Amino acid sequence: MSSRARSLYGQVLATFAFVEPELIAVGREQLQGWANGEPRLAVYNHYFADLFRRQAHIRSGEVEELLGLLATRFRAPA
């Protein structure tokens, strides 16, 4: 059951892998403008700041999807 849960987790990671590369493509200024203009998006200010701090370590959507699919394989030794 644990193995099935890890497999599902990898599929979820792969499914949502496109989000961070797409947000980076939008740009810091645009995201900050949206967050400043819409109070409901203001809760994401910290996430946006952290996203751009980690920008150098985030790959394209395709690579991130592949890494998500391989998450269970990477955790196999654990």
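The values are calculated or read from the model by the stated rules, or taken from the named source; none is laboratory data. Fair warning: this is a prediction, and the values are worked out from it, not measured in the lab. With ligands, DNA and RNA removed, areas are computed over all heavy atoms of the protein, side chains included. Shrake-Rupley method; radii C 1.70, N 1.55, O 1.52, S 1.80 Å.
Side notes on the structure shown:
- Leu8, sole failed condition from (1) modelled with pLDDT of 75 or more; (2) of a type outside the set (Val, Ile, Thr); (3) not in a helix (DSSP H, G or I): (3)
- Filtered residues of segment 68-78 (kept if open to solvent by 70 Å² or more (accessible area, probe 1.4 Å), at pLDDT below 70 and not in a loop (DSSP other than H, G, I, E, B)): Arg73, Phe74
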